[in-house]
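Have a look at the structure below before the remarks.
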Amino acid sequence: MDPNPVQKMDSSSTEINSFGISTPENPNSMVGSPSGSSSSVSPSSTTLSRYENQKRRDWNTFGQYLRNHRPPLSLSRCSGAHVLEFLRYLDQFGKTKVHTQLCPFFGHPNPPAPCPCPLRQAWGSLDALIGRLRAAYEENGGKPETNPFGARAVRLYLREVRDFQSKARGISYEKKKRKRSPQQQQPSPPPNPI
């Protein structure tokens, strides 16, 4: 028995995930414990959030990728390098124009004409995907310290993609500043001089 199980997938129905890949859909497909027992939830009794549905579809897509890998991989043998390979594989389904350094539109957010530069997955999509897969891995019995989606190589790759796409597309990926609550914005009154 594999200590880090990948979900079982039902091939009776399929759906297209956010990356344009057809994946089997089965809401009860995630394995809930290392022992292999399924924590099935009746789809009629529990409505999953949009995030949970996307996380399940992403987990199924990654599981399908592992099974189709040559040679097939088990989740317990999956490393950060395999996650990077998966992210590069997803680029072929991307819809974001990323200009090369030789392109005359490199750094232009709204190029005036078409160019032959490749379509890639947007950094924000990859970043969100890794976040969902990281959570799904741990929900399915994986230990945080062995989570391949949290590997240093994956974080560095995402940072490189972000920086390059920012330059190539002429847009900024600055972190959004969190709004402070009204209580925090009000300065404390000065002390009364006596």
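What nm value, rounded to one decimal, do you get for the distance between Lys179 and Ala81 when each label is placed 7 Å out toward the C-beta?
4.7 nm
How do the peptides 124-130, 154-160, 67-73 rank, highest first, by the average count of neighbouring beta carbon atoms within 10 Å per residue?
Order by mean packing, descending: 124-130, 154-160, 67-73.
Each value in this text was obtained by applying a stated rule to the coordinates, not by laboratory testing. Keep in mind that what you see is a predicted model, and the values were worked out from it rather than measured. Cβ: placed from backbone, ideal geometry, glycine included. Neighbour counts: every protein chain shown.
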